[in-house]
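Contents: one structure, followed by commentary.
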Amino acid sequence: MMELKNSRIDKKELRGDALEVLAENLEFCGNPGLSLAFRRAASVLKSLPDAPRRLEETQHLPCLGEHSRAIIEEISEYGSCSRVEEILNDERYRTMKLFSSVFGVGPKTAENWFCRGLRTFEQVLNDPSIRLNRMQTAGFLFYEDISKPVSRTEAIALKIIVEEAVTSVIPSASVSITGGFRRGKEFGHDVDFIIKTPEAGQEDSILPAVIERFKRQSILLYSDLQESTFDLRQLPTHRFEAMDHFSKCFLIVKLKGEQETGRDWRAVRVDLVAPPLERYAYALLGWTGSMLFERDLRRFARLERGKLLDHHALYDKATNTFLSANTEEDIFTHLGLEYIEPWQRNA
Ligand code: UTP
Ligand code: MN
C-alpha cells in the first residue's frame with residue numbers, strides 16, 4: 001500500500017470532508033440510510049488525532065465500509081476522488097447546498113426551487129410565485145450573519161444575556177450551554193441553552209417571559225416558540241425523532257459588539273429548551289449531542305440492554321418501567337456504561 005503523498009492532498013478530505021460531501025449528496029437525493037453510513041465514517045475519521053497516512057491505518061476503524069475506504073484510497077493515491085469532484089461540480093448539488101444553507105429551507109423546499117429552474121438567491125427572491133414563510137424571510141434577512149460561525153466567546157456573552165433574562169423571571173432557575181459548545185467545540189452554527197426550573201409548570205412559562213424580555217430590550221430579531229407536547233403516557237417510542245416534545249424556542253438575537261461589517265451588533269441563532277425538572281437529565285443528554293452519538297447510544301440501549309432511550313426517558317422493556325435519572329451519570333449507570341464526558345461525544 002502506498003504512502004499518502006501529503007504535499008498533494010487536501011488534508012481535510014482525509015479527515016472526512018470528502019465523505020461528508022457524499023453524505024450530503026445522498027441526503028439531497030433522498031437516501032438518508034446510506035447518507036448516515038457516510039456521516040458515521042466521516043465522523044470516525046474526524047475523531048482521529050491525525051488524518052490517516054496509510055490506508056492500513058483505517059483497517060481497524062469502526063464504521064468505515066468498503067465504499068468509504070475505496071474513497072480514502074483514491075484520495076491517498078491521486079490526491080482527489082473523481083466521484084467527490086463530480087458531486088462538487090454538480091449543479092443540482094451546488095444549488096441544493098446553497099438553498100438549504102438558508103435558515104428555514106429544508107431539502108424539500110430546496111429541491112422544489114431547483115426544479116423550478118431557480119439557481120440563485122436573487123432568482124428566488126424575485127420570483128413572484130414564491131411566498132417565503134416567516135422563518136425563511138428571517139433566514140434571508142440575516143443570512144450573512146447567521147451563516148458565520150459563532151465563537152465560544154460569543155456563546156459565553158450570550159449565556160450571560162440568557163441567564164440575566166431567565167433569573168429576572170425565576171431567580172432560582174439556572175441556564176447551561178448544551179450542543180456543540182458543551183462538547184468543547186470552539187465554534188458552532190448556533191448556541192444551545194437548557195433551562196432548569198425548580199418548580200413544576202415553570203418550564204412552560206419561562207420561555208414566553210424570556211422572549212418578552214428580549215423584545216423589550218430590542219434584541220429579538222426572530223422567535224419561534226414551540227409549546228410543550230410532552231406526555232409521558234405516549235412514551236416510549238421506537239422511532240428516532242429528531243424533535244423532542246419539550247417547550248423550546250428557536251431565536252435569532254442581536255449580540256452587541258463591534259463587527260467587521262462596521263455595525264455594532266451581529267445576528268446569532270439561539271435555541272432554548274426548558275424541560276420539566278424530572279426530565280432534565282434526559283433533555284441535557286439529548287441536547288448535548290452529537291446527533292450521531294445520540295443515535296449510537298439509543299441503538300446500544302435497545303440492542304445491548306433491551307432499553308428504549310430518547311430525549312425524554314429511558315424505558316426498561318424487561319420490567320416495563322421508566323427509569324428515573326437526576327443526572328446524566330444516572331442514565332449512563334442505568335445503561336451499564338461508564339460516564340462519557342461531553343467532549344468524548346463528538347463521534
Ligand atoms: P445542533 O443542531 O445545534 O448541533 O443540536 P450542535 O451539535 O450544537 O452543532 P452546531 O455547532 O450547532 O452546528 C444540538 C443537539 O440538540 C438536539 C440535537 O439532537 C443535537 O444533539 N436538538 C436540536 C434537539 O433535541 N431538538 C431540537 O429541536 C434541536
Ligand atoms: Mn448547536
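The values are calculated or read from the model by the stated rules, or taken from the named source; none is laboratory data. If you're wondering where the values come from, they're calculated on a predicted model, not measured in any experiment. Positions of Cβ are generated from backbone atoms using ideal geometry, with glycine treated the same way; all protein chains shown enter the neighbour counts. All accessible areas refer to the heavy atoms of the entire protein, side chains included, with ligands and DNA or RNA removed. Shrake-Rupley method; radii C 1.70, N 1.55, O 1.52, S 1.80 Å.
For the reader, a short list of remarks on this structure follows.
- Contacts under 7 angstrom Cβ, first residue in the stretch 202-228 being part of a loop (DSSP other than H, G, I, E, B), partner hydroxyl-bearing (Ser, Thr, Tyr) and surrounded by 15 or more Cβ atoms within 10 Å (Cβ to Cβ), 6 or more apart: 227/247; 228/247
- Hits in the stretch 154-183 (condition: out of contact with any Lys or Arg (no Cβ under 8 Å at 6 or more places or on another chain) and among the basic types (Lys, Arg)): 159, 182
- Residue pairs meeting the criteria (Cβ under 7 Å; at least 6 apart or on separate chains; first farther than 18 Å from residue 253 by Cβ and open to solvent by less than 90 Å² (accessible area, probe 1.4 Å), in the stretch 179-192; second part of a helix (DSSP H, G or I) and more than 8 Å from ligand 1 (Cβ to nearest atom)): 182/342; 183/342; 183/343; 184/342; 184/343
- Screening 218, 176, 223, 205 for residues that are of a type in the set (S, T, N, Q), modelled with pLDDT of 95 or more and in contact with a Ser or Thr (Cβ under 9 Å, 6 or more places away or on another chain) leaves exactly one candidate, 205.
- Among the residues of the stretch 1-56, those identified as charged (D, E, K, R) and either surrounded by 15 or more Cβ atoms within 10 Å (Cβ to Cβ) or modelled with pLDDT of 90 or more (or both) are 13, 15, 17, 20, 24, 27, 39, 40, 46.
- Output for the stretch 186-216, where each listed residue is within 16 Å of ligand 2 (Cβ to nearest atom) and more than 14 Å from residue 168 (Cα to Cα): 186, 187, 188, 189, 190, 191, 192, 193, 194
- Residues of the stretch 119-174 satisfying the condition of being within 26 Å of the chain's Cα centre (by Cα), among the polar types (S, T, N, Q) and more than 24 Å from residue 90 (Cα to Cα): 133, 136, 137, 151, 153, 174
- Answer residue from the stretch 281-306, given it is hydroxyl-bearing (Ser, Thr, Tyr) and outside any loop (DSSP other than H, G, I, E, B) and is farthest from ligand 1 (Cβ to nearest atom) among those: 282
- Residues that are away from ligand 1 (no atom under 16 Å from the Cβ) and either within 22 Å of residue 137 (Cα to Cα) or open to solvent by less than 20 Å² (accessible area, probe 1.4 Å) (or both), drawn from the stretch 193-207: 197, 206
- Annotation: of all residues in the stretch 251-304 being among the basic types (Lys, Arg), free of Cβ contacts under 8 Å to residues at least 60 places away in the same chain and closer than 25 Å to residue 135 by Cβ, the one that is surrounded by the most Cβ atoms within 10 Å (Cβ to Cβ) is 254.
- Of everything in the stretch 167-178 that is surrounded by 16 or more Cβ atoms within 10 Å (Cβ to Cβ) and outside any strand (DSSP E or B), the residue that is nearest to ligand 2 (Cβ to nearest atom) is 178.
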